[in-house]
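The structure under discussion appears below in the form of structure tokens.
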């Protein structure tokens, strides 16, 4: 990440200098910074709502039940996470919300999952294998039906707005498979 | 298909909003107190991720503001064009890991361009690409930021590999079906 951070700024400076528009580089950075704050603040409402509901579900024993139900699927993927750990149900909720396209619920569940996984982290500040795998799964788009794209196609008067559904699903499956495999393979090398 | 899924999603949200408090109440949980206690975390989490988001979005903002995205797309297009990734879609592929709204905007441009449109090869390829890749940098900043993780290890590599696979698969599938 350190190299990406430096690279982006250096490339920006070079591109700005070549184009003779150095001012745009700074302006872009300021706009980006402001956008970061707006995004984070905008998350507060939905985040509070879902985290509140999640706490009720936890106290009612729902989270625990969920974690037990999906144990067979998660055990081989996340060997470092004990059975019935709350991280498992948070991850499941995040993945389910992503698949259904419930973006504003997926983020709070995902953050909850990261927090629970971090309780098992012996080296705070450095991602564990389980955390990386969970992140990798999230960086593959899990949404079963790309509703935003379909809506945009429909509004652009496409003859077949949903025609890209199966091709998208196929491509998503490839990306997800590679995400999981590369996370699993790289965890041995990248410590 | 779209209405059915949208209706299902709406109902699932409703089911969660009503079902969780109701179930908790039946099980004897002090639902109001539990909700407030959980919701309190929402604010802290949002504040915790601010520095992470500012870092990546400022860097990306400078990169885009300088026109480096377009320059990169221009450099790559002679190579990617013959492979089935036309010059109109290439900027989308470059922007996608950094900004979901950015690449969606570019997709909208492709749809609105006369001679292209949503049913052209470029329009279909762009649609598949948008739907099968994620905003990797945003996901990593938000999720790692929420727990203060600064050393991502192989998470970035795996995420970018997933994006690249999504891109490659989109091109292969679109070429097979729509060209």
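Nothing in this text is a laboratory measurement; each read-out follows from the coordinates by a stated rule. Nothing here was measured: the structure is a model prediction, and the numbers come from that model. Cβ coordinates were reconstructed from backbone atoms using ideal geometry, including for glycine residues, and neighbour counts include every protein chain displayed.
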- Message: Under 14 Å from a point placed 7 Å out from the Cα of residue A:19 along the Cα-to-Cβ direction: which residues of segment B:45-72 have their backbone N that close?
- Response: B:60-72
- Inverse mean reciprocal Cα-Cα distance (Kirkwood Rh) of the protein assembly as shown, Å: 21.4 Å
- What angle do you read, to the nearest 10 degrees and between 0 and 90, between the alpha-carbon axis of helix A:129-139 and the longest principal axis of chain A? 60 degrees
- Message: For chain B, take the longest principal axis of its alpha carbons; what is the angle in degrees between that and the long axis of helix B:100-112, to the nearest 10 within 0 to 90?
- Response: 50 degrees
- Query: Can you give the convex hull volume of the alpha carbon atoms of segment A:90-153 per residue, in Å³?
  - Reply: 80 Å³
- Give me the angle, in degrees from 0 to 90, between the Cα long axis of helix B:31-65 and the longest principal axis of the Cα atoms of chain B, rounded to the nearest 10. 20 degrees
- Note on the structure: In Å, the C-alpha Rg and Dmax of chain A are 20.1, 62
- For peptide B:110-123, how many partner chain Cβ atoms fall within 10 Å of a residue's Cβ, on average? 3
- Note on the structure: Quick shape check on segment A:1-105: root eigenvalues a ≥ b ≥ c of the Cα gyration tensor, a/c under 1.5 is rounded, otherwise prolate if a/b tops b/c, else oblate, and it reads prolate
- Note on the structure: So for segment A:1-48, using the alpha carbon gyration tensor with a ≥ b ≥ c as root eigenvalues (a/c under 1.5 gives rounded; past that, a/b versus b/c decides prolate or oblate), I'd call it oblate
- Nearest-0.05 FRET efficiency for residue A:34 and residue B:8, computed from C-beta distance (R0 35 Å): 0.45
- Which whole number gives the average count of other chain Cβ atoms within 10 Å of the Cβ atoms across peptide B:66-75? 5
- Message: Rounded to two decimals, what is the ratio between the C-alpha radius of gyration of chain B and 2.2 N^0.38 Å?
- Response: 1.32
- Query: If you count, for every residue in B:12-24, the Cβ atoms of partner chains within 10 Å of its Cβ, what is the mean?
  - Reply: 4
- How much space per residue, in cubic angstrom, does the convex hull of the C-alpha atoms of segment B:80-179 take up? 85 Å³
- Item | Cβ-based exposure ranking for B:177, A:51, in which fewest neighbours within 10 Å come first | B:177, A:51
